[in-house]
Amino acid sequence: QVQLVESGGGLVQTGGSLRLSCAASGRTFRTYNMGWFRQAPGKEREFVTAVGWGGSITYIDSVKGRFTISRDNAKNTVYLQMNSLKPEDTAVYYCAAGSSWRALQEGRYEYWGQGTQVTVSP
């Protein structure tokens, strides 16, 4: 069993930065692929980025060059550094853990957190 707790959301102006954290419980964190999803009001949950247990990383095109995902297995934590934020990045951001790299990106994951709100003002 893995429990995920996100933090670091908030309100920023366009062009600002935020760093999200996702703290995981359990001794098997290092064996999971970890991802970030987001859901804007009235929209479906969207895959944003993932980091594999072996270090592979992928991003959706709209955040490439602005967002950076990383993980610290010693701290059981995954991070999302978000720079040059835009109003369209406004959403609730969720952390997720999955055994399958492909399935995680497709929205099929075993564990997820409660989410943290990110709001980017114009």
>> With an 8 Å Cα cut-off and a minimum separation of 6 or more residues, compute the relative contact order for segment 30-72 in percent.
In response: 31
> Could you give the dipole magnitude of segment 1-64 about its Cα centre, charging the beta-carbon of Lys and Arg +1 and that of Asp and Glu -1, in debye to the nearest 20?
Replying inline: 160
> What Kirkwood hydrodynamic radius do you get for segment 1-67 when you take the inverse of the mean 1/r over all pairs of distinct Cα atoms, in Å?
Replying inline: 13.8
> Where only protein heavy atoms count, and the probe is 1.4 Å, what is the accessible area per residue for the chain in Å²?
Replying inline: 52
>> Out of the trypsin sites (Lys or Arg not before Pro) in segment 70-122, which ones are loop residues according to DSSP with at most 14 other C-beta atoms within 10 Å?
In response: 75, 108
>> Using only alpha-carbon positions, what ratio does the radius of gyration of the chain give when scaled by 2.2 N^0.38 Å?
In response: 0.97
> Mind checking which aspartates and glutamates have their C-alpha under 19 Å from residue 75, skipping anything on the same chain fewer than 8 residues away?
Replying inline: 6
>> Students often forget the sequence filter, so: which lysines lie under 23 Å Cα-Cα from residue 64 once same-chain residues fewer than 8 apart are removed?
In response: 43, 86
>> Please give the charge dipole size of segment 1-108, origin at the Cα centre, charges +1 on K and R Cβ atoms and -1 on D and E Cβ atoms. Round to the nearest 20 debye.
In response: 260
> Where both residues lie in the chain, what percent of DSSP beta bridges are antiparallel, nearest 5?
Replying inline: 90
>> Sequence gap at least 6, Cα distance under 8 Å: using those rules, report the relative contact order of the chain to the nearest whole percent.
In response: 35
> Roughly how many Å is it from the Cα centre of segment 1-40 to that of segment 53-122, as a whole number?
Replying inline: 6
>> Counting only GluC sites (Glu not before Pro) that sit in a DSSP loop (anything but H, G, I, E, B) with at most 11 other Cβ atoms within 10 Å, what is the longest stretch of the chain containing none of them?
In response: 45-105
> Can you pull out the trypsin sites (Lys or Arg not before Pro) in segment 1-57 that DSSP calls coil and that have at most 13 other Cβ atoms within 10 Å?
Replying inline: 27, 43
> Just going by the charge dipole of the chain, with Lys and Arg at +1 and Asp and Glu at -1 on Cβ, which of 122, 107, 53 is farthest out on the positive end?
Replying inline: 53
>> How large a share of the accessible area of segment 61-105, in percent, is made up of carbon and sulfur atoms when the probe is 1.4 Å and the other protein chains stay in place?
In response: 44
> What 222 nm value per residue comes from the helices of the chain, counting each DSSP H run with n ≥ 4 as -39,500 (n - 2.57) and dividing by all residues, nearest 500 deg cm²/dmol?
Replying inline: -1000 deg cm²/dmol
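The values are calculated or read from the model by the stated rules, or taken from the named source; none is laboratory data. Keep in mind the model is a prediction, meaning the values are calculated, not measured. We place every Cβ from the backbone using ideal geometry, glycine too, and count neighbours over all the protein chains shown. With ligands, DNA and RNA removed, areas are computed over all heavy atoms of the protein, side chains included. Shrake-Rupley method; radii C 1.70, N 1.55, O 1.52, S 1.80 Å.
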